[in-house]
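What follows is calculated from the coordinates using simple rules that are stated; it is not laboratory data. Keep in mind the model is a prediction, meaning the values are calculated, not measured. A quick note on method: Cβ atoms are made from the backbone with ideal geometry, for glycine too, and the neighbour counts reach across all protein chains shown.
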Amino acid sequence: MRHRRHYDLSRRNFLTLFGAGLMAGGAAMQAQSGKRLFAYVASWTSGPGIGVGNGGGLSVFSVDMATGTLTPVMRTGQEFDKMNTGYLAVNPNGRFLYATNEVESYDGEFGGGAVLTFAINQADGSITHVGTQPSMGVWPAYISIDNAGSRV
């Protein structure tokens with residue numbers, strides 16, 4: 001007979017652990033004005049052990065700070081469905097989200113993956129694509145931003 005262990009976990013600790021898990025799994029969290037918190041979650045569409053499909057891109061969720069409940073805000077459109085979104089980083093000013101596209105050649109021209117920039121709507125957490133830059137290397141593996149937010 002298996003026994004279940006009961007763990008007392010406060011809401012704050014749950015959100016901390018949940019956020020750490022999201023960060024490790026291709027996600028970023030960004031607190032907006034007041035007590036609103038948004039989770040940005042990356043997904044892959046193809047690759048080793050994943051198969052081939054149209055499930056890539058980014059999803060945005062609103063996080064209920066009291067319960068930890070995630071409510072869908074939006075998902076990127078069809079033009080991003082074949083994107084293998086890997087790592088995410090939010091600019092310290094909270095206005096931009098950067099995402100790697102982990103592919104060998106994102107458009108066949110640059111010979112490498114890409115870094116996409118999305119503007120974050122401060123009111124509802126939604127994102128809008130504003131630009132793409134080649135990573136100049138295949139399968140870009142990591143992304144970070146300096147503390148000043150001036151270098152990706």
Which order, highest average first, do 120-127, 79-86 follow once you tally other Cβ atoms within 10 Å for each residue and take the mean per peptide?
79-86, 120-127
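Sorted by packing (mean other beta-carbon atoms within 10 Å per residue), highest first, where do 133-139, 64-70 land?
133-139, 64-70
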Dipole of the range 75-124, positive direction: furthest Cα of 105, 92, 76, with charges on the beta-carbon:
92
